[in-house]
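The next block holds one structure in the form of structure tokens; read it before the comments.
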Amino acid sequence: MQQFAWMAWTWQTALFFAGIAALLATMTLLAALRPETERFGVLRIPTTRGDRLFLSLVGSAFIHLAWLGLAGPDHMWGAAVLSLAYAGAVFRWV
Amino acid sequence: MNKTVNNRAWLLVLPVFALVAFSAVLPLMTVVNYSVQDTFGNNQFFWNGLGWYQELLDPSSQLGERFYDALWRNLLFSGIVLALEVPLGILVALSMPRRGIGVAFALVIMALPLLIPWNVVGTIWQVFARSDIGLFGYAVNRALAPLGTDFNYTQGVLAAWITIVIMDVWHWTGLIALLCYAGLKSIPDAYYQAARIDGASRFAVFTTIQLPKMRRVLLIAVLLRFMDSFMIYTEPFVLTGGGPGNSTTFLSIDLVKLALGQFDLGKAAAMSIVYNLIILAACWVFYTVMVNVGVERRALGTPTAGETPPAEPASAPVIPIERRAA
């Protein structure tokens, strides 16, 4: 571990990317175990689970930034809840 | 045609995976990592949490102010550039010859600026627009002399913006013209003959035949130009270096000033992430529109999969021009 100290990794960053990696691994497993076909949602474009995950993640990033900019850093769980609701909506309707 | 399925073939992808991880994924993770820390040099880092993001998004802070300024400036630039280049490109495409020896000539002339490297374009205009030795700058100054004003892009904000906008128009209108020309070329002669029989005016031909046929390439052109102008760095950097003051400091120029000029890694990383997110969202729209611009029409009538799609409208012959253009 000592020889990577110069990269100044933090456990928070590690946790964040571990989460992303876990999501990607889950998606890969799902793709192998339960193959799917594209569907047309409210956006009228064909989307797969991967597209919906991408939209959820990018949207969540914007939601968190907007929350941080408008409400400040004290109640970031609000942004997290909002993001989860948004992701749910994306997976349900897009 | 017997293909054997062997999933061990995936192992052959591993070297690429390792290479991309080393050259792209890990550096990107490093940026995220820096964006939540602060350093005063000596490779010592201190946890700052969301501090940089908060500062970046707060217009009353110093960092936020310059970020929003650069962002609006950049959006304004993209808007101006699009508003000028798109109509001009269409006009040029409409007046380019359809057949004969002029076609090759016009194509080469239109493509020439696209072949010049960005920093050379910047240098060309840096000299061209100078008031002492540049032809453009000298001529404009001579013309303005009776009015008592002068044109100096190193001192006047308006002059700097005008020079940068003209430079971008000079550099990129050719692209839009070429794309539109490709769209125009795909219109069968029968359409024009029918219009002539109906006695359609030149304007009617444009609005009912040419413009609808150019819709797809225009979409590509607008999105391409937006992305490019939103990420512009080299040309304004060479021409004005972001000045006078900060008046032409666009996002990428500001980012480099922050990261390499001041070595504020944390602030620069946070700004990179937000900038990257905006680009990512725009890219997604770009990609989605490009891929679905033909599909969309068909999907409109079929909300559920399984239904047979309605017959394609007659106006949708497959012209994969946007694929080639991309």
Take B:F206 and tell me if it is within 21 Å of B:V92 (Cβ to Cβ) and over 24 Å from the mean Cα position of the chain (by Cα). yes
Looking at B:A129, B:A93, which one is farther than 20 Å from B:F237 by Cα and of a type outside the set (S, T, N, Q)? B:A93
Against the condition within 14 Å of another protein chain (Cβ to nearest Cβ), within 17 Å of the chain's Cα centre (by Cα) and either modelled with pLDDT of 90 or more or surrounded by 18 or more Cβ atoms within 10 Å (Cβ to Cβ) (or both), how does B:A270 come out, does it pass? no
Only listed residue being within 11 Å of chain A (Cβ to nearest Cβ) and acidic (D, E), chosen from B:D69, B:D58: B:D58
Filtering the range B:10-33 down to residues that are within 13 Å of chain A (Cβ to nearest Cβ) and hydroxyl-bearing (S, T, Y) yields B:T30
A:Q12, sole failed condition from (1) at the interface with chain B (Cβ under 9 Å from one of its Cβ atoms); (2) more than 17 Å from the chain's Cα centre (by Cα): (2)
Among the residues of the range A:72-94, which ones are loosely packed, with under 13 Cβ neighbours inside 10 Å, within 14 Å of another protein chain (Cβ to nearest Cβ) and in a helix (DSSP H, G or I)? A:W77, A:W93
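Rundown of residues vs (1) acidic (D, E); (2) closer than 20 Å to A:V58 by Cα, yes/no style:
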{"position": "B:V205", "(1), (2)": "no, no"}
{"position": "B:K213", "(1), (2)": "no, no"}
{"position": "B:V222", "(1), (2)": "no, no"}
{"position": "B:T240", "(1), (2)": "no, no"}
{"position": "B:L260", "(1), (2)": "no, no"}
{"position": "B:D264", "(1), (2)": "yes, no"}
{"position": "B:A281", "(1), (2)": "no, yes"}
{"position": "B:M290", "(1), (2)": "no, yes"}
Helices (runs of 4 or more DSSP H) wholly inside the range B:116-214 containing at least 1 residues that are in contact with a Gly (Cβ under 7 Å, 6 or more places away or on another chain) and in contact (Cβ under 8 Å) with a residue 40 or more places away in the chain: B:157-185
Quick one: is B:G199 of a type outside the set (K, R) and either at pLDDT 95 or above or at positive phi (or both)? yes
Picked from the range A:20-71 (must be at pLDDT 90 or above and touching a Gly at 6+ places or on another chain (Cβ under 8 Å)), the residue farthest from the other protein chains (Cβ to nearest Cβ) is A:M27
Looking across the range B:220-240 at residues that are surrounded by fewer than 21 Cβ atoms within 10 Å (Cβ to Cβ) and over 14 Å from B:M167 (Cβ atoms), the single one that is modelled with the lowest pLDDT is B:L223
Since B:N7 meets every condition but one in (1) touching a residue at least 60 places away in the same chain (Cβ under 8 Å); (2) within 11 Å of chain A (Cβ to nearest Cβ); (3) more than 27 Å from the chain's Cα centre (by Cα), which condition does it not meet? (1)
So which residues in the range B:34-55 are surrounded by fewer than 16 Cβ atoms within 10 Å (Cβ to Cβ) and either touching a Cys at 6+ places or on another chain (Cβ under 6 Å) or more than 9 Å from chain A (Cβ to nearest Cβ) (or both)? B:F40, B:G41, B:N42, B:F46
Filter the range B:241-254 down to the residues that are surrounded by fewer than 21 Cβ atoms within 10 Å (Cβ to Cβ) and in contact (Cβ under 8 Å) with a residue 60 or more places away in the chain and list them by number. B:G243, B:P244, B:G245, B:N246, B:S247
Got a sec? Which helices (runs of 4 or more DSSP H) wholly within the range B:1-110 have at least 1 residues that are in contact with a helix residue (DSSP H, G or I) (Cβ under 6 Å, 6 or more places away or on another chain)? B:26-35, B:51-57, B:62-95
Within the range B:143-156, can one find any residue that is modelled with pLDDT of 90 or more and either under 20 Å from B:E85 (Cα atoms) or aromatic (F, W, Y) (or both)? no
Among residues belonging to the range B:215-227 that are out of contact with any Leu (no Cβ under 9 Å at 6 or more places or on another chain) and touching a residue at least 40 places away in the same chain (Cβ under 8 Å), point out the one that is nearest to B:L75 (Cα to Cα). B:M227
Which one is nearest to B:W52 (Cα to Cα), of the residues in the range B:273-295 that are within 11 Å of chain A (Cβ to nearest Cβ) and of a type in the set (F, W, Y)? B:W284
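The values are calculated or read from the model by the stated rules, or taken from the named source; none is laboratory data. In this text the structure is predicted, and so the values were computed from the model without any measurement. All Cβ positions, even for glycine, are placed from backbone atoms using ideal geometry, and neighbour counts span all protein chains on display.
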